[in-house]
1. Does Val231 satisfy the condition of being exposed (fewer than 15 other Cβ atoms within 10 Å of the Cβ), farther than 23 Å from His199 by Cβ and among the aliphatic types (A, V, I, L, M)?
2. When the range 85-119 is examined, which residues are found to be farther than 21 Å from Val133 by Cα, of a type in the set (A, V, I, L, M) and buried (at least 24 other Cβ atoms within 10 Å of the Cβ)?
3. Here are Arg55, Arg117, Arg40, Arg80: which of them is away from the ligand (no atom under 14 Å from the Cβ), modelled with pLDDT of 95 or more and over 15 Å from the mean Cα position of the chain (by Cα)?
4. Among the residues of the range 21-37, what is the count of those that are polar (S, T, N, Q) and away from the ligand (no atom under 12 Å from the Cβ)?
5. Taking the range 184-205 only, how many residues are surrounded by fewer than 20 Cβ atoms within 10 Å (Cβ to Cβ) and either aliphatic (A, V, I, L, M) or at positive phi (or both)?
6. Scanning for something of a type in the set (A, V, I, L, M), farther than 21 Å from Pro90 by Cα and surrounded by fewer than 16 Cβ atoms within 10 Å (Cβ to Cβ), does the range 214-222 turn up at least one residue?
7. Go through the range 34-56 and give me each residue that's crowded, with 19+ Cβ neighbours inside 10 Å and either of a type in the set (D, E, K, R) or out of contact with any Leu (no Cβ under 8 Å at 6 or more places or on another chain) (or both).
8. Is there any pair with a first residue in the range 46-59 that is closer than 11 Å to Arg23 by Cβ and part of a strand (DSSP E or B) and a second that is of a type in the set (Val, Ile, Thr) and within 7 Å of the ligand (Cβ to nearest atom) whose Cβ atoms are under 6 Å apart and which are 6 or more apart or on different chains, and what are they?
Amino acid sequence: MVTGMQGDRARSALVSTRFGDVRWVPETGSTNADLLELARSGGSDGIVLVADHQRAGRGRLDRSWEAPPGSSLLVSVLVRPGGVSAGLTPADAHLLNSALGVAAADACAEVAGVDARLKWPNDVVAVGPGGEVAGKLGGVLAESVVVGDRLDAVVAGIGLNVNWSEAPPAGAGGAGMALSQLAGHEVDREDLLIAMLRHLDRWALALASADGRSELAERYRARCATVGEHVRVELAGRSFEGRALDVTDDGLLQVAVEGEVRAVAVGDVVHLRHQP
Ligand code: BT5
């Protein structure tokens, strides 16, 4: 039997999207770090880097992302705001977090039959029967290259726990989980990649218009496990508790705290009590 190179199927399935340039490597430090370097040296829009293993996978705020070789979908994409996503500013870059999160959650449902949800701002989570967060399936990290006051590129990466023989690590937000645990069988990483990037192709384009952004926000809200929950919002050096009311079209989390509504742009959220 002649077997193709890893990523062949994705390259041909994605050829008519902006994400046809799929580069799949056995190992690297961090797919986000690699694409940021490529972005700074002129790499073009739409490059996709997948690794079977990362030696130095990154989370937000200098945290690390851990995954045994072959267990996960570890992928980053390079998006240039010119061309089809025209009009993105440095303040809009974080919308790629929502776009990739929504694309990933939809792909998990389609390919693995797993009802994945989004925990604000950047986690892909599994939920229990009552809608309470049961564990973290993955995380998104979007990083920008800004030149002067212009957004030159965004690198959006995701680590998704796919086929784990042990339990993925627990973090501040609770247990780690893998799709295989929930699906009851192994899940094909390349099928997930294809489904996810097809969705992302559409959302990256949608970000160029106000209507498209509202549509993305609507989809994010529909998948969001945080809205309605009693939460603790942890910001640099301080925290507060309240009820998560909504996520705005700009991606801000609105939290009701003692009679006022606070809008949070960045921070960690801990779900305290589930509100059925
Ligand atoms: C994230 O950060 O959740 C974003 C992770 C992004 C990883 C991808 S992999 C491809 C691309 N290349 C990179 O170098 N990074 C991106 P954060 O919200 O900061 O969560 C990090 C925390 O999650 C860690 O401190 C751990 O507690 C926990 N964690 C680490 N590995 C995990 C795993 N496999 N499953 C669940 N939780 C994990």
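The values are calculated or read from the model by the stated rules, or taken from the named source; none is laboratory data. This one's a predicted model, so the numbers in the text were calculated from it and none came from an experiment. Backbone-built Cβ (ideal geometry, glycine too); neighbour counts: all protein chains shown.
1. Working: exposed (fewer than 15 other Cβ atoms within 10 Å of the Cβ): no; farther than 23 Å from His199 by Cβ: yes; among the aliphatic types (A, V, I, L, M): yes.
Criteria not met by Val231.
2. Within the range 85-119, Leu95, Leu96 meet the criteria.
3. Only one candidate passes the filter, namely Arg40.
4. Residues that pass the stated criteria total 0.
5. Qualifying residue count, the range 184-205: 2.
6. Within the range 214-222, the subset of a type in the set (A, V, I, L, M) is 216-217, 222.
Of the ones still in play, those that are also farther than 21 Å from Pro90 by Cα are 222.
Next, from what is left, pick out any that are surrounded by fewer than 16 Cβ atoms within 10 Å (Cβ to Cβ): 222.
Yes - at least one qualifying residue is present in the range 214-222.
7. Selection gives Asp34, Leu36, Asp45, Asp52.
8. Leu49/Thr31; Val50/Val75; Ala51/Thr31
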